[in-house]
Amino acid sequence: MLSKSIEKAMNEQIKWEFFSGYMYLSMATYFHELGLTGFAIWMENQYEEEVFHALKMYKYVTEAGGRVKMQAIDQPQHDWKSALDCMEYSLKHENMVTKRINDLASLAQDERDHATFIFLQWYVSEQVEEEANFGDVVNKLKLVGDGGGLFMLDRELGARTFVRPAPGA
Ligand code: OFO
């Protein structure tokens, strides 16, 4: 059984995971408008990944005897100054999510909720990957600038495909 404080914090994090997905879908529309279809596909994949993060947590809270209560999701930003600006914005967002996950794991530790602490380790590792993925795109964008390299990078990013892991994964 989850404590009320863990239940509340997990509900808040489920909202953030859905917000992340919503924000990345907003970024996909921005890239479609720019004609950077590969970047848009990459962001659509990121949207799916975030929804998976939210659903995985939803399932855990439910199985652990807690109640998920859907929270209001803020309107995401619609426009950015450039592809680089958008990707840097994403990386900062992921840094913030990492901090939230770490705070959540610390709360579980403080409450001696070992099951939730173990469950959250998946997210701790996932955030390392998330920050690395966004950081990699930011670095590549800085290298290629606005020239022809941008279209090569667009093609590379368009190859991304999200394979939804098994429900218990
Ligand atoms: Fe982007 O990792 Fe979830 O939010």
Name the one entry in M96, M70 that is exposed (fewer than 15 other Cβ atoms within 10 Å of the Cβ), within 15 Å of the ligand (Cβ to nearest atom) and closer than 19 Å to Q13 by Cβ. M96
Matching residues in the range 46-67 - criterion: being in a helix (DSSP H, G or I) and open to solvent by 40 Å² or more (accessible area, probe 1.4 Å): Y47, E48, L55, Y58, K59, T62, E63
Qualifying position, being of a type in the set (D, E) and at pLDDT below 95, among D113, D146: D146
If you go through the range 19-31 one residue at a time, do you hit one that is open to solvent by less than 50 Å² (accessible area, probe 1.4 Å), out of contact with any helix residue (DSSP H, G or I) (no Cβ under 8 Å at 6 or more places or on another chain), closer than 19 Å to Q127 by Cβ and not small (G, A, S)? yes
Looking at (1) farther than 21 Å from V138 by Cβ; (2) near the ligand (Cβ under 10 Å from one of its atoms); (3) of a type in the set (S, T, Y), which one does Y24 not meet, given that it meets all the others? (1)
Evaluate the range 40-48: report whether one residue or more is over 23 Å from E156 (Cα atoms), more than 13 Å from the ligand (Cβ to nearest atom), out of contact with any Asp or Glu (no Cβ under 6 Å at 6 or more places or on another chain) and among the small types (G, A, S). no
Tell me, yes or no, whether the range 105-118 has at least one residue that is open to solvent by less than 30 Å² (accessible area, probe 1.4 Å), without any contact (Cβ under 8 Å) to a residue 60 or more places away in the chain and either outside any helix (DSSP H, G or I) or not aromatic (F, W, Y) (or both). yes
Taking the range 81-90, which residues are open to solvent by 20 Å² or more (accessible area, probe 1.4 Å) and among the hydrophobic types (A, V, I, L, M, F, W, C)? L84
Could you say which residue among Q13, Q75 is over 24 Å from E156 (Cβ atoms), free of Cβ contacts under 8 Å to residues at least 60 places away in the same chain and polar (S, T, N, Q)? Q75
When the range 133-151 is checked residue by residue, the ones that are open to solvent by 60 Å² or more (accessible area, probe 1.4 Å), in a helix (DSSP H, G or I) and not basic (K, R) are D136, N139, L143, F151
Name the single residue that is farthest from the ligand (Cβ to nearest atom) among those in the range 119-145 being free of Cβ contacts under 8 Å to residues at least 40 places away in the same chain and within 19 Å of L36 (Cβ to Cβ). G145
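The values are calculated or read from the model by the stated rules, or taken from the named source; none is laboratory data. Because the structure is predicted, anything quoted here is derived from the model rather than measured. Counting neighbours? That spans all protein chains shown, and the Cβs are built from the backbone with ideal geometry, glycine included. The area values use the complete protein model at the heavy-atom level, side chains included, leaving out ligands, DNA and RNA. Shrake-Rupley method; radii C 1.70, N 1.55, O 1.52, S 1.80 Å.
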